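What follows is one structure encoded as structure tokens, with my remarks underneath.
What follows is calculated from the coordinates using simple rules that are stated; it is not laboratory data. Computed from a prediction, not measured in an experiment: that's the story for all the values here. As a convention, Cβ positions derive from the backbone with ideal geometry for all residues, glycine included, and neighbour counts pool all protein chains shown.
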Amino acid sequence: MTRIAASNTKMWLDISLENKKEIIKSIELYINYLNNFKDGLLKDDSEYIKKHYQRAQKARTNLPKYVEKDISKLYELKIAIPDRSGVLSDITLAISSRGINIEDISIFHSTEFSDGGILKLLVQGDKDSQLAKEAIEKAGYDITVKKVLGE
């Protein structure tokens, strides 16, 4: 939800209204789930609560392998981008043409940069972060690179 909150409001308004039936179904299921958990707490139903946490643990261990990646080797690339068509394509092509995988991507609209925003990319490894930095600078964009977890 925090990604949606940081994204384009009009786009998510359109998506929400277009998918309202499915979203409402999901909300109703979640409300039901929360009410059941609340009842378990009110009744001191330790067996129900224990099963809840066991299911949560099982769900967590089945998350995609990305969760298990060594985040100590992740680098964050922040690029000031103008609000113009083709910018994302320029940057992602510059990076992928060097054989670098983008682990994550997000865009933040910035009050400091009124004509666009900040593109944040995550890449794995110092070598790839430096190659990506060179490629992005060559494409004409300002970039900063930092390790996700401090040295």
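Let me check I've understood the local charge: for Leu121, count other residues with C-beta under 11 angstrom from its C-beta, Lys and Arg +1, Asp and Glu -1. What total comes out? Every neighbour counted, the sum reads -1.
Cβ-to-Cβ counts within 10 Å put Tyr53, Tyr141 in ascending order as Tyr53, Tyr141, the fewest first. Summing Lys and Arg as +1 and Asp and Glu as -1 over all other residues whose Cβ lies under 11 Å from the Cβ of Ile143 gives a net charge of +1.
A crude spin-label estimate for the pair Lys43 and His109, with each label 7 Å from Cα along the Cβ direction, gives 4.7 nm. Across segment 132-144, computed HN-Hα scalar couplings (Karplus, 6.51 cos²θ - 1.76 cosθ + 1.60, θ = phi - 60°) run 5, 4, 4, 5, 5, 5, 4, 6, x, 10, 7, 9, 10 Hz from first to last residue, x flagging Gly and Pro.
Extension gain, Lys146-Asn36: 0.36 nm per intervening residue step, less the Cα-Cα distance, totals 35.2 nm.
Run the reach check for Lys43 against lysines, Cα to Cα strictly under 25 Å, same-chain hits fewer than 8 apart removed. What comes back? Candidates past the 8-residue exclusion: Lys51, Lys58.
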